[in-house]
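Since the structure comes first, as structure tokens, the remarks are kept for the end.
The values are calculated or read from the model by the stated rules, or taken from the named source; none is laboratory data. What you see is a predicted model; the values in this text were computed from it and never measured. Cβ atoms come from the backbone with ideal geometry, glycine included; neighbour counts cover every protein chain shown. Please note that ligands, DNA and RNA were not included when accessible areas were found on the heavy atoms of the full protein model with its side chains. Shrake-Rupley method; radii C 1.70, N 1.55, O 1.52, S 1.80 Å.
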Amino acid sequence: MKVINICGARPNFMKIAPLMRAFAACEAIDPLLVHTGQHYDEKMSKLFFDQLEIPRPDVNLEVGSGSHAQQTAAIMQRFEPVVMEHRPDAVLVVGDVNSTIACALVASKLGVAVFHVEAGLRSFDRGMPEEINRVLTDAISDLLFVSEPSGLENLAREGVAENRMHFVGNVMIDTLQANRRRADASTVLQTLGVAPKGYVVVTLHRPSNVDDPAVLAAITGVLEAVQADLPVVFPVHPRTRKNIETAGLAPRYEAMDRLTLMDPVGYLDFLKLLADAAVVMTDSGGIQEETTILGVPCLTLRENTERPVTLTQGTNQLVGMDPERILTAYRGVRGGPPTTSHVPDKWDGHAAERIAAIIEAWGCSRG
Ligand code: UD1
Ligand code: UDP
């Protein structure tokens, strides 16, 4: 059974790594890997292939950046001939980025089965580009692999047949578990001169937080206050780096003595930074899940999350974008009791193996 696997943006690499490993170990599956090129900077792409030992992509579509329509259309145009040449039995997509919907749509229109890993997540916020990608990808997927119970409920409500959805756990946590020990050996704390539990990690890249100069300026004010309390480590996404500059905020960052604004870091260093942080402040999807497993308090600078299990069982808190609300939550976490969390069901490091077994059974059932 030939399966073309798609990756394109940073969070896809952590999800595709354990899947490629599980497929390589499964005789029934012949995996191919396609990189769309949505992310292309060395520190947004190649670094993860090296660290996570992801096989070299069989094809790189090299689409690069663009508006949503340009990027999605370019991926579709370049991916269609790949599907026609290789004639796979299925195309597997992960997550909710533009590469996800673009490749799912191409496959579905060519009559090729679509498998979606991380199906069913919903923020119920259609202003978020990823929500559109999630809803549309799920609507045309044949097998839907779900990471948390809310996903099953959402898909059932949307009329997805029960035999197409499978609660398998979280492939991103497979990668976390597989790399924890290696990450422990990272010397990034010494390099940055920060002590375990003595610093805050920040990441921001959602358009709702970083594209509007007024919102970005307000969040910058929050970071000024936080770094007065604890050193802040801020590996900055290229979208955010650009926006800090165009909004004229760079001098404010330069003036913050205890905030380190740095390029995005590799997975192992980042995992070490997360694990030893006092507090994490983020708008990332994946980091809400990783902090839940690491037991580190996570303040999510959003009004909603498509990953509610991180709120009910994990260490995540939604704190929105209002500076006072964010700082009140920050002080609460700093002064409060240690945050407790439970490991969500099936976030045990074996999700990719479950997915491989289900795909194998699907192949057998088709004969
Ligand atoms: C994308 C995903 C988002 C995901 C994020 C993970 C969509 C709609 N968004 O957002 O869901 O959370 O990736 O990081 O798919 N850029 C570079 N170098 C790169 C990549 C991007 O400089 O290697 C810059 C470009 O100016 C580009 C901008 O970042 O225009 C945004 O990149 P894009 O892939 O469009 O969206 P992200 O914000 O990265
Ligand atoms: N990450 C990383 N280096 C960084 C920032 C994030 O390795 O400098 C990892 C993080 O641990 C997680 C993934 O990137 O595994 C999350 O990606 P991102 O926040 O870009 O996307 P999202 O999850 O929001 O879609």
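The one condition from (1) surrounded by fewer than 16 Cβ atoms within 10 Å (Cβ to Cβ); (2) among the charged types (D, E, K, R); (3) in contact with a Pro (Cβ under 8 Å, 6 or more places away or on another chain) that Asp229 does not meet is (3).
From the list Thr36, Thr72, the lone residue that is away from ligand 2 (no atom under 16 Å from the Cβ) and open to solvent by less than 50 Å² (accessible area, probe 1.4 Å) is Thr72.
Picking from residues in the stretch 251-269 that are free of Cβ contacts under 8 Å to residues at least 60 places away in the same chain and part of a loop (DSSP other than H, G, I, E, B), the one that is farthest from ligand 1 (Cβ to nearest atom) is Asp257.
So, restricting to helices (runs of 4 or more DSSP H) that lie completely within the stretch 162-219, which ones have at least 3 residues that are in contact (Cβ under 8 Å) with a residue 24 or more places away in the chain and either under 21 Å from Glu245 (Cα atoms) or out of contact with any Pro (no Cβ under 9 Å at 6 or more places or on another chain) (or both)?
Those helices (runs of 4 or more DSSP H) span 171-184, 207-210.
Here Glu118 passes the criteria (1) at positive phi; (2) assigned to a loop (DSSP other than H, G, I, E, B); (3) touching a Ser or Thr at 6+ places or on another chain (Cβ under 8 Å); (4) of a type outside the set (Ser, Thr, Tyr) except the one numbered (2). Looking only at the stretch 350-367, residues that are more than 24 Å from the chain's Cα centre (by Cα) and open to solvent by less than 40 Å² (accessible area, probe 1.4 Å) come to 1 in all. Any residue that is without any contact (Cβ under 8 Å) to a residue 40 or more places away in the chain, charged (D, E, K, R) and more than 16 Å from ligand 1 (Cβ to nearest atom) - is there at least one of those in the stretch 55-66? Yes: the stretch 55-66 contains one or more residues that are without any contact (Cβ under 8 Å) to a residue 40 or more places away in the chain, charged (D, E, K, R) and more than 16 Å from ligand 1 (Cβ to nearest atom).
Residues checked against (1) farther than 30 Å from Thr240 by Cα; (2) touching a residue at least 24 places away in the same chain (Cβ under 8 Å); (3) in contact with a Gly (Cβ under 8 Å, 6 or more places away or on another chain):
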| position | (1), (2), (3) |
| --- | --- |
| Thr291 | no, yes, yes |
| Leu299 | no, yes, no |
| Val309 | no, yes, no |
| Thr328 | no, no, no |
| Gly332 | no, no, no |
| Glu353 | yes, yes, no |
| Trp362 | yes, yes, no |
| Ser365 | yes, no, no |
